[in-house]
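The values are calculated or read from the model by the stated rules, or taken from the named source; none is laboratory data. Bear in mind that the values here come from a model prediction, so they are computed numbers and not experimental data. Glycine gets a Cβ as well: all are built from the backbone with ideal geometry, and neighbour counts include every protein chain shown.
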Amino acid sequence: MKSNQFRWTRNGGWDTPPLSVTATGLVLVFSSSDYFRTPECYEHLRSVFPTADILGCSSSGSITGTQIYDDTVEVTAIAFERGHTGVVWMDVPGSEDPAGLSKGLVEELERKDLKHVFVLSDGLTVNGSELARGLVTLGVPVTGGLAGDGVEFGSTWVMANGPAAQHRVALLGLYGVTVTTGCYAGWREFGEESLVTHSVGNVVYEVDYEPALRVYTRYLGELAKFLPGSGLVFPLSVRANLQEEPVIRTLLAVDQKEQSLTFAGDVPEGSFCRLMGTEVERLIDSSGKAADAAMSGCKPENALCLVVSCVGRRLVMGQMTERELQAVQKRLSPTAVMTGFYSYGELAPFRNTEVCRLHNQTMTITSICE
């Protein structure tokens, strides 16, 4: 497996890739630029890579190596020696059933020698929790992420063998390769565990029979005046029952009139929740742990590492964000290739299980090698 990386910039246009990339089988594209959304962006890539699968999404920061890029188009071209890929996709309004959608896409994938599925989805109009539920029928591990839009939360876009579009879900099937994954958060729970007594999807109205916003602001104290922004530093740990491993949910919005909280993933009524906090060093350390787990079955010298980290982590770490990418690279060989993006949600299994779940505030790594 060989990889080449290049980019488009607003001032310089496209880099000229080496001639060898014409044999590429897979092209991954991540971008926070408006140019990514234009037909011209895809048409240029297709002219350079006439037979490759082309897959990518809009981001809240695009990753190449240990650097984060804004307002560029980051491209990684991969040529497999033995493995190959397949891409299926569907565009669907937010009112459709994401679980049924993902089940339908699963049926379109060739199943022989399928090792792993990497998913990219619209990050605003598709319910990531329901999407993950439909992917469990695959019988193979699934990772991926929800497309981002910086910190604007306006619209998100997915490119899948055609110009980028909104409301799109795309599945990349990986065949004849070795794939291992890692997913760690680095957040810790504090305070008492509470019961979600009234919620609908990702909107929580009552916690312990009190208005949810009232409970949340009581915990935050003076920081409550900075909501919803300060909520990125205090996500929720949520578990459906006392036996289940919790997932993290990031606060997106508050409604003063309804006294409700809107999160970046479902918070089921009847589930248990606790507030969480962290420090930058804990986030960086968790990124290293994710890399260790993801490299457990791959030869690091020829690995391709797909990195999906949460936009909330980037906002918490600020100018120190690239340190988490450096922590990942430190666990890899210098010849390993890193690409990826900052997301509105991460799709990955829990440790020691193949069941895909929607996460927030995690570093999720998918390592591919031959």
Going residue by residue through segment 194-212, is there one that turns out to be assigned to a helix (DSSP H, G or I), of a type in the set (V, I, T) and not assigned by TED's automatic domain parsing to the domain that holds R133? no
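If we scan segment 259-272, do we find a residue that is assigned by TED's automatic domain parsing to the domain that holds S199 and without any contact (Cβ under 8 Å) to a residue 12 or more places away in the chain?
Step one: filter segment 259-272 for residues assigned by TED's automatic domain parsing to the domain that holds S199, giving 259-272.
Of the ones still in play, those that are also without any contact (Cβ under 8 Å) to a residue 12 or more places away in the chain are none.
Among the residues of segment 259-272, not one is assigned by TED's automatic domain parsing to the domain that holds S199 and without any contact (Cβ under 8 Å) to a residue 12 or more places away in the chain, which makes the answer no.
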Among the residues of segment 2-15, is any within 24 Å of the chain's Cα centre (by Cα), closer than 30 Å to N202 by Cβ and not aromatic (F, W, Y)? no
Looking at this structure, is D70 of a type outside the set (A, V, I, L, M, F, W, C), closer than 23 Å to G345 by Cβ, touching a residue at least 12 places away in the same chain (Cβ under 8 Å) and loosely packed, with under 15 Cβ neighbours inside 10 Å? yes
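Within the group L131, L120, which residue is in contact with a strand residue (DSSP E or B) (Cβ under 8 Å, 6 or more places away or on another chain), assigned to a helix (DSSP H, G or I), modelled with pLDDT of 85 or more and surrounded by 23 or more Cβ atoms within 10 Å (Cβ to Cβ)?
When all the criteria are applied, what remains is L131.
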Among the residues of segment 226-261, which ones are out of contact with any Asp or Glu (no Cβ under 8 Å at 6 or more places or on another chain), surrounded by fewer than 17 Cβ atoms within 10 Å (Cβ to Cβ) and at pLDDT 90 or above? D255, Q256, K257, E258
Check segment 272-284 and report whether any residue there is closer than 17 Å to Y216 by Cα, hydrophobic (A, V, I, L, M, F, W, C) and surrounded by fewer than 16 Cβ atoms within 10 Å (Cβ to Cβ). no
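So, in segment 22-48, exactly how many residues are touching a residue at least 40 places away in the same chain (Cβ under 8 Å) and either within 20 Å of Y175 (Cβ to Cβ) or surrounded by fewer than 20 Cβ atoms within 10 Å (Cβ to Cβ) (or both)? Step through it out loud before you land on a result.
Here is the first cut: in segment 22-48, the ones touching a residue at least 40 places away in the same chain (Cβ under 8 Å) are 23-33, 36-39, 41-43.
Checking which are either within 20 Å of Y175 (Cβ to Cβ) or surrounded by fewer than 20 Cβ atoms within 10 Å (Cβ to Cβ) (or both) leaves us with 23-28, 37-39, 43.
Of the residues in segment 22-48, 10 are touching a residue at least 40 places away in the same chain (Cβ under 8 Å) and either within 20 Å of Y175 (Cβ to Cβ) or surrounded by fewer than 20 Cβ atoms within 10 Å (Cβ to Cβ) (or both).
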Condition broken by V328, with the remaining ones in (1) in contact with a Gly (Cβ under 6 Å, 6 or more places away or on another chain); (2) surrounded by 22 or more Cβ atoms within 10 Å (Cβ to Cβ); (3) not hydroxyl-bearing (S, T, Y) satisfied: (1)
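Hey, among the residues in segment 161-177 that are assigned to a loop (DSSP other than H, G, I, E, B) and not β-branched (V, I, T), which one's farthest from the chain's Cα centre (by Cα)? Full working, then the answer.
Of segment 161-177, the ones assigned to a loop (DSSP other than H, G, I, E, B) are 161-164, 166-167, 176-177.
With the extra rule that they be not β-branched (V, I, T), the set shrinks to 161-164, 166-167, 176.
Details: N161: 20, G162: 21, P163: 20, A164: 17, Q166: 16, H167: 16, G176: 24 Å.
Across segment 161-177, the extreme among qualifying residues is G176.
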Are any of the residues in segment 10-33 under 18 Å from S121 (Cα atoms) and aromatic (F, W, Y)? yes
How many residues are surrounded by fewer than 24 Cβ atoms within 10 Å (Cβ to Cβ), closer than 22 Å to T137 by Cα and in contact (Cβ under 8 Å) with a residue 24 or more places away in the chain if we restrict to segment 331-370? 6
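Among the residues of segment 289-302, are any hydroxyl-bearing (S, T, Y), surrounded by fewer than 23 Cβ atoms within 10 Å (Cβ to Cβ) and out of contact with any strand residue (DSSP E or B) (no Cβ under 6 Å at 6 or more places or on another chain)?
Going residue by residue through segment 289-302, those that are hydroxyl-bearing (S, T, Y) are 296.
Those still in the list that are surrounded by fewer than 23 Cβ atoms within 10 Å (Cβ to Cβ) too: 296.
So of that shortlist, the ones also out of contact with any strand residue (DSSP E or B) (no Cβ under 6 Å at 6 or more places or on another chain) come out as none.
Scanning segment 289-302 turns up no residue that is hydroxyl-bearing (S, T, Y), surrounded by fewer than 23 Cβ atoms within 10 Å (Cβ to Cβ) and out of contact with any strand residue (DSSP E or B) (no Cβ under 6 Å at 6 or more places or on another chain).
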Give all pairs with beta carbons closer than 7 Å in which a residue from segment 237-252 that is assigned to a loop (DSSP other than H, G, I, E, B) meets a residue that is of a type in the set (G, A, S); count only pairs at least 6 apart in sequence or on separate chains. A240/S271; P246/S237; T250/A264; T250/G312
Looking at segment 49-62, is at least one residue surrounded by fewer than 19 Cβ atoms within 10 Å (Cβ to Cβ) and farther than 21 Å from V308 by Cα? yes
